[in-house]
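Below is one structure; the comments refer to it alone.
The values are calculated or read from the model by the stated rules, or taken from the named source; none is laboratory data. Keep in mind that what you see is a predicted model, and the values were worked out from it rather than measured. Here the Cβ positions follow ideal geometry from the backbone for every residue, glycine too, while neighbour counts run over all protein chains shown. Quick note on the areas: whole protein, heavy atoms, side chains included, nothing else; ligands and nucleic acids left out. Shrake-Rupley method; radii C 1.70, N 1.55, O 1.52, S 1.80 Å.
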Amino acid sequence: MGRIIGIDLGTTNSVVAVMEKNGPFVVPNSLGERLTPSVVGVTKSGDILVGKKAKRGAIMNVGRTVFSIKRHMGTNHRVRIEGKEYTPQEISGMILQKLKQDTQDYFGEEITQAVITVPAYFTEAQRAATKDAGEIAGLNVRRVIDEPTAAALAYGLDRDEDQILFVYDFGGGTFDVSIIEIISGVFQVRAISGNTHLGGDDFDKRIVDYLIENFKKDNGVDLSEDPIAKQRLREAAEEAKIELSELKETHVLVEAITMTEKGPLTLDTVLTRDVFEKMVGDLVEATRPPMEAALRDAGLGVKDIDNVLLVGGSTRIPAVQRLVRDFIGKNPHRDISPEEVVAMGAAVQTLVLAPIEGDIEETAATRYQGKGSNPVIIHMTPFSLGVGLQNDSMGTIIERNSTYPTEAKDIFTTTRDFQEAISFPIYEGESNIASENTFLDLLRIEGITPAPRGVPRIEVTFRLTPDRILEVRAEDLATGVEKVVRIESTDSRLNEGDKTRMIREARERVTKMLAQRIKESRTDEARNIIERAESTLATAGSHSLKGELQNQMEQLRAAIEVGDEGALNELIDDVLRVMTEIEAGA
């Protein structure tokens with residue numbers, strides 16, 4: 001079957017993990033690092049940069065670098081670069097493609113399957129968009145699971161005791177909290193709450209605004225309209241935020257941030273943790289209501305919570321840790337990296353799909369499979385699902401906080417005499433007014449036998465898959481006529497033509513990248529051969545082939561300079577041949 005990888009597709013950074021015999025293993029990227037920035041850049045020549053290269057080049061690539069695309073998943077947002085539009089799915093697909101390729105390079109084998117995590121508070125459209133991104137990257141997305149649940153899997157893997165776990169997940173762009181009960185290897189989600197537009201990016205923005213305001217006050221120059229200056233400030237703000245998690249104050253220095261008639265100006269200031277905590281205090285406090293809501297929905301009090309798990313880079317902020325500790329009354333666990341725990345849990349989930357085979361000892365990885373009981377997850381949906389009825393009322397079919405996979409149904413009828421078709425607008429949300437909720441799709445059933453209003457009986461069935469993808473079916477019970485729709489065709493959803501194009505372009509990028517790698521490898525080989533040839537010339541004395549070798553070396557240098565691959569390959573062989581003859585003669 002091949003490896004199935006677990007991916008945490010994050011707002012700020014992404015991580016890949018696989019399940020090994022000794023437990024989850026975080027796969028390093030091509031730079032040997034465990035975190036890959038979720039950043040995509042398009043160079044002036046049209047090349048795609050992903051990860052650290054894109055992040056490093058952002059200052060010189062302003063307007064062509066994309067950050068935090070996860071915040072726009074499942075929406076109609078488009079990124080326009082050099083006249084071309086990119087969807088959130090396409091940008092995310094580039095990030096996933098990078099993660100996939102790095103994993104293939106690390107293990108030396110093809111990777112085609114993945115489990116991808118999403119915030120628990122993601123909508124159906126956002127989950128569907130995530131699956132699209134995986135397909136664009138050439139991955140068969142076997143499961144889409146909630147990030148807090150994944151974290152609980154990683155945390156609970158080495159712990160035998162039953163417990164109620166409070167998962168506080170605060171990442172770069174999203175926040176959610178889940179209460180998960182673990183009993184005998186069964187992970188049951190008791191409640192979910194959160195905010196998909198609150199995260200570390202908002203903390204960075206506060207620092208940027210603070211720096212811009214102070215700089216304007218001190219120098220009379222407004223940096224807010226300078227895109228290059230703002231990008232440099234964003235990088236400085238992120239670095240300052242990270243440093244203030246460990247230090248009481250940090251020195252923010254951005255040299256030559258702008259140019260004036262009198263010359264360059266430098267931003268040079270000290271930011272203390274106290275000042276930082278005051279400027280972001282309301283953002284930290286904004287996580288309190290979802291915590292209260294989750295406890296209320298679960299019917300629990302803080303005394304019922306056994307353990308608290310912090311997930312996401314924003315939980316490294318001391319003010320965040322204090323809030324959680326004071327709210328729950330327990331010290332949160334910090335024994336697993338908050339940036340890595342979600343990917344590790346996704347790797348654990350792959351056990352259900354492809355158990356590790358072979359004669360292996362009892363380890364963390366075999367806790368579930370060795371005893372014939374893979375981890376079981378009972379999910380919960382944080383939003384109600386239903387249809388719009390007469391007078392714009394909401395007919396809820398699947399209630400909020402229902403476990404899934406699940407199926408629910410209800411009977412509806414016509415509102416006009418001799419009506420032959422009925423349209424059911426499908427919504428997600430908690431308002432009794434249908435149009436105030438999130439519209440997902442329109443299900444229209446035709447061919448109903450004409451009859452007085454109120455006589456036809458139309459059964460509408462909602463089914464949530466294990467990936468929380470919604471399937472809706474309407475059936476005329478009198479005739480058996482039915483119509484089925486999967487919630488994959490909203491305005492933000494890709495059509496098959498767009499998806500096919502994006503998959504083709506993704507494959508072309510991989511082909512181009514591999515060709516570039518081969519070219520770079522061959523160039524490196526040529527440079528090494530030139531160094532060796534120079535050593536051979538130094539000891540060749542008056543050998544008759546000395547002049548020929550010198551000439552071929554110069555041609556090889558020229559081929560490297562102009563990037564002539566054909567000449568490069570031929571000249572490498574020629575230099576090696578002559579050099580070998582000289583060395584043999586010596």
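Taken over the range 422-445, the criterion of being within 19 Å of Lys483 (Cα to Cα), aliphatic (A, V, I, L, M) and either open to solvent by 20 Å² or more (accessible area, probe 1.4 Å) or in contact with a His (Cβ under 9 Å, 6 or more places away or on another chain) (or both) is satisfied by Leu442 alone. None of Leu253, Leu223, Leu247 is touching a helix residue (DSSP H, G or I) at 6+ places or on another chain (Cβ under 6 Å), hydrophobic (A, V, I, L, M, F, W, C) and on the phi < 0 side of the Ramachandran plot except Leu223. Out of the residues in the range 51-92 meeting the condition of being within 20 Å of the chain's Cα centre (by Cα), touching a residue at least 12 places away in the same chain (Cβ under 8 Å) and over 27 Å from Ala114 (Cα atoms), tell me which one is least open to solvent (accessible area, probe 1.4 Å). In this case the residue turns out to be Ala58. A Cβ distance below 6 Å, combined with a sequence gap of six or more or placement on separate chains, defines the contacts here; from the range 388-404, residues that are in contact (Cβ under 8 Å) with a residue 24 or more places away in the chain and over 12 Å from Phe424 (Cβ atoms) reach residues that are open to solvent by 30 Å² or more (accessible area, probe 1.4 Å) and hydroxyl-bearing (Ser, Thr, Tyr) in the pairs Asp392/Ser435. Just for the range 1-47: of the residues that are among the small types (Gly, Ala, Ser) and in a loop (DSSP other than H, G, I, E, B), which one is nearest to Ile116 (Cα to Cα)? Going through the qualifying residues, I end up with Gly10.
Taking every residue in the range 1-15 that is touching a residue at least 12 places away in the same chain (Cβ under 8 Å) and buried (at least 24 other Cβ atoms within 10 Å of the Cβ) and pairing it with any residue that is acidic (Asp, Glu) and assigned to a loop (DSSP other than H, G, I, E, B), at least 6 positions away or on another chain, the pairs with Cβ-Cβ distances below 6 Å are Val15/Glu340.
Hey, does the range 238-258 have a residue that's surrounded by 14 or more Cβ atoms within 10 Å (Cβ to Cβ), assigned to a helix (DSSP H, G or I) and among the hydroxyl-bearing types (Ser, Thr, Tyr)? Checked against the condition, which is being surrounded by 14 or more Cβ atoms within 10 Å (Cβ to Cβ), assigned to a helix (DSSP H, G or I) and among the hydroxyl-bearing types (Ser, Thr, Tyr), the range 238-258 yields no hits at all. Here Asp162 meets each of (1) under 23 Å from Met73 (Cβ atoms); (2) free of Cβ contacts under 8 Å to residues at least 60 places away in the same chain; (3) not hydroxyl-bearing (Ser, Thr, Tyr) with one exception, condition (1). The condition of being at pLDDT 80 or above, of a type in the set (Lys, Arg) and more than 28 Å from Ser45 (Cα to Cα) holds for only one of Arg557, Arg463, that being Arg463.
Table: residues versus (1) at pLDDT 95 or above; (2) under 26 Å from Thr381 (Cβ atoms); (3) open to solvent by 10 Å² or more (accessible area, probe 1.4 Å).
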position	(1), (2), (3)
Met94	no, no, no
Gln101	no, no, yes
Ala120	no, yes, no
Gln126	no, yes, yes
Ala129	no, yes, no
Asp132	no, yes, no
Asp146	no, yes, no
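Scanning the range 19-46 for residues that are exposed (fewer than 13 other Cβ atoms within 10 Å of the Cβ) and out of contact with any Lys or Arg (no Cβ under 8 Å at 6 or more places or on another chain), we see that the one that is modelled with the lowest pLDDT is Ser45.
Residue-wise test of (1) open to solvent by 40 Å² or more (accessible area, probe 1.4 Å); (2) assigned to a loop (DSSP other than H, G, I, E, B); (3) touching a Lys or Arg at 6+ places or on another chain (Cβ under 8 Å).
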site	(1), (2), (3)
Ile164	no, no, yes
Gly173	no, yes, yes
Phe203	no, no, yes
Phe215	no, no, no
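Before we move on, is Ala540 touching a helix residue (DSSP H, G or I) at 6+ places or on another chain (Cβ under 7 Å), among the small types (Gly, Ala, Ser), in contact (Cβ under 8 Å) with a residue 12 or more places away in the chain and not in a helix (DSSP H, G or I)? Spelling it out, Ala540 is indeed touching a helix residue (DSSP H, G or I) at 6+ places or on another chain (Cβ under 7 Å), among the small types (Gly, Ala, Ser), in contact (Cβ under 8 Å) with a residue 12 or more places away in the chain and not in a helix (DSSP H, G or I).
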